[in-house]
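The values are calculated or read from the model by the stated rules, or taken from the named source; none is laboratory data. No experiment lies behind these values; they were computed from the predicted model shown. Here Cβ is always computed from backbone atoms with ideal geometry, including for glycine, and neighbour counts include all displayed protein chains. With ligands, DNA and RNA removed, areas are computed over all heavy atoms of the protein, side chains included. Shrake-Rupley method; radii C 1.70, N 1.55, O 1.52, S 1.80 Å.
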Amino acid sequence: MKRATPAGLVLALCIVAFAALKIPGLHYDAVDENIYFYLAHAMTAGALPYRDFFHAHPPLHLLPLATAYELGGGYSLLPARWLAALSIVGAAFAISRVSRRPFAWPAVIGAGVFLLSYDVLRISTHFNGTNLAAFWVALGLERLCRRRDLQAAAAFCLGGFTMLIAAPAAVGAALVLMVVEPRRGLALALYGAVGFLASNAVAYGVFGSSYLEQVYLFHLAKAESTRQTAAVFASALKMNSLLFAGAAMGLIAWLLDALHADEAEDPATAAPQLTGLRAELLARLPLALSLGATLGSLCFLLWANRIFTYYLQVLFVGLAPLAGAGFVAFGVAVRDGATKGAPRLPAAVLSFLLVAGLLPSWIGGEGSLEPGVVHYLRHESKGFDSAPTLAEGVREHCAQDTTVFGDANSAPLVALLADRQLTLGEADTNQMRFRSGHPSPADFIARLEAAPPCAVVLRENRGLFRLAEFSRWLTAHYTPILELRSEGESNHYTLLTRRTEP
């Protein structure tokens with residue numbers, strides 16, 4: 001039996017710490033995952049995405065959770081929580097093997113920094129699909145480092161068929177491989193393209209044109225928001241400064257030739273004919289592949305009309321190996337500069353990057369400065385405590401055969417807890433759908449009036465009721481019966497029922 005290595009023990013401790021930090025998040029939340037809870041539950045009753053309900057992502061997003069619900073006998077919070085968390089643990093494990101030698105210190109440190117970064121911790125509480133996509137991308141990179149190219153292509157295809165944001169990272173890694181080893185790179189690109197096109201062709205054959213409209217055309221129709229994109233990146237840089245600072249150190253150390261020598265392969269030994277850029281990329285191929293995935297993901301995020309913080313989960317996977325290499329390079333440069341009289345420039349540059357990068361990790365919280373982990377725990381303490389009370393109100397005022405409608409982040413969970421159906425099976429009622437014309441508010445309201453919901457869940461100053469058409473419809477036909485303003489929640493909710501027409 002092999003003895004555990006120090007690096008392996010560090011990785012295990014990081015996973016234990018991650019699991020412990022997940023415990024405060026085991027409660028209801030008013031977030032996008034409630035949409036996917038409801039849709040996955042509907043699939044267990046025979047409903048199909050794209051045909052019976054709107055779904056903006058590829059099928060493998062919902063399928064794992066629907067399978068868990070089918071096996072477990074219906075909706076429950078825990079399967080979704082553990083699917084999200086285990087996906088990130090799997091991604092961290094794969095990251096720890098993205099190196100010439102599996103579980104080398106730089107890769108393990110990168111995995112630990114990834115696992116314990118603020119937004120990775122926060123997003124991995126929720127089943128939003130990007131956790132699964134991050135796992136597949138990390139596995140694809142790990143398989144490439146083991147020269148299992150067909151398996152890598154399969155992993156990348158599964159990632160892209162879970163969330164489209166995985167595909168650009170795969171393209172970036174393939175482009176790097178095409179530069180270094182053209183035959184391998186072209187084969188990887190061919191495998192990936194065939195797999196991705198084939199899976200989408202099957203989905204089109206099963207679901208028809210609505211699949212293309214919802215998964216592809218809907219995202220292209222979103223309104224552009226450059227300011228929102230800048231805000232997302234600014235927040236990510238501030239809240240995950242350890243990861244970004246480490247990646248910056250890794251890149252600078254690479255340029256200064258200060259990376260740990262054990263992680264490099266001698267290009268003259270591996271391929272004597274290579275020189276220049278190709279030789280350098282080959283010598284640091286695991287880092288080069290990670291950099292390619294990072295740049296591919298970054299290009300997509302900058303190009304997309306509208307992004308959200310959880311879209312960055314795949315980007316973080318690419319940054320993690322670079323960050324691990326950066327922290328090891330920092331330690332080696334400082335040690336050598338102090339004990340061996342080595343050039344002090346690498347140590348000075350990396351020290352500056354580290355200090356400058358870590359300063360933003362202390363963020364303002366309720367009038368004082370607090371470290372990111374404290375802010376994370378404060379964030380996790382706020383849940384959707386009103387959900388059971390709203391569900392009880394629905395059961396009290398609405399018969400079993402009536403339906404519920406409302407805010408996308410809250411109404412689906414209330415419907416599940418109340419054992420009621422959502423009107424028209426519509427869980428994803430985010431206002432971006434209606435602003436993009438998929439469908440128009442007028443058409444959707446006409447459909448609602450054909451079979452009006454018994455109850456409506458309203459989240460104050462949020463959601464689709466900020467649109468004038470829906471606000472007027474609600475005012476004209478519904479009366480508040482329950483208002484909840486809990487001090488422990490960041491949102492306030494109102495339950496309304498259909499007004500009796502004169």
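Listed values, structure above:
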| item | result |
| --- | --- |
| Selection within the range 420-444 - free of Cβ contacts under 8 Å to residues at least 24 places away in the same chain and either on the phi > 0 side of the Ramachandran plot or open to solvent by 10 Å² or more (accessible area, probe 1.4 Å) (or both) | Gln421, Pro439, Ser440, Asp443 |
| Residue among Leu302, Leu322 that alone is in contact with a helix residue (DSSP H, G or I) (Cβ under 6 Å, 6 or more places away or on another chain), at pLDDT 85 or above, among the aliphatic types (A, V, I, L, M) and under 26 Å from Ala170 (Cβ atoms) | Leu322 |
| The lone exception for Asp119 - which of (1) modelled with pLDDT of 95 or more; (2) under 27 Å from Ala40 (Cβ atoms) it fails | (1) |
| Candidate set from the range 107-127 (those that are more than 14 Å from the chain's Cα centre (by Cα) and open to solvent by 10 Å² or more (accessible area, probe 1.4 Å)); member that is nearest to Arg147 (Cα to Cα) | Ile109 |
| Index of the failed condition, Pro452 passing every other in (1) in a helix (DSSP H, G or I); (2) in contact (Cβ under 8 Å) with a residue 12 or more places away in the chain | (1) |
| Members of the range 445-472 that are surrounded by fewer than 20 Cβ atoms within 10 Å (Cβ to Cβ) and either of a type outside the set (D, E, K, R) or at positive phi (or both) | Ile445, Ala446, Leu448, Ala450, Ala451, Pro452, Cys454, Asn461, Leu467, Ala468, Ser471 |
| Inter-residue pairs, beta-carbon under 7 Å, first buried (at least 24 other Cβ atoms within 10 Å of the Cβ) and in the range 305-328, second charged (D, E, K, R), 6+ apart | Leu312/Asp119; Ala325/Glu263 |
| Ala427 being touching a Pro at 6+ places or on another chain (Cβ under 8 Å), under 28 Å from Lys222 (Cα atoms) and not in a helix (DSSP H, G or I) | yes |
| Meets criteria (more than 21 Å from the chain's Cα centre (by Cα), under 26 Å from Phe54 (Cα atoms) and touching a residue at least 60 places away in the same chain (Cβ under 8 Å)) for Phe207 | yes |
| Test: Arg100 is more than 19 Å from Ser117 (Cα to Cα), basic (Lys, Arg) and either part of a loop (DSSP other than H, G, I, E, B) or open to solvent by less than 60 Å² (accessible area, probe 1.4 Å) (or both) | yes |
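Residue-wise test of (1) in contact with a strand residue (DSSP E or B) (Cβ under 9 Å, 6 or more places away or on another chain); (2) at negative phi; (3) open to solvent by less than 50 Å² (accessible area, probe 1.4 Å).
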position: Ala20; (1), (2), (3): no, yes, no
position: Tyr38; (1), (2), (3): yes, yes, yes
position: Asp52; (1), (2), (3): no, yes, no
position: Ala56; (1), (2), (3): no, yes, yes
position: Leu60; (1), (2), (3): no, yes, yes
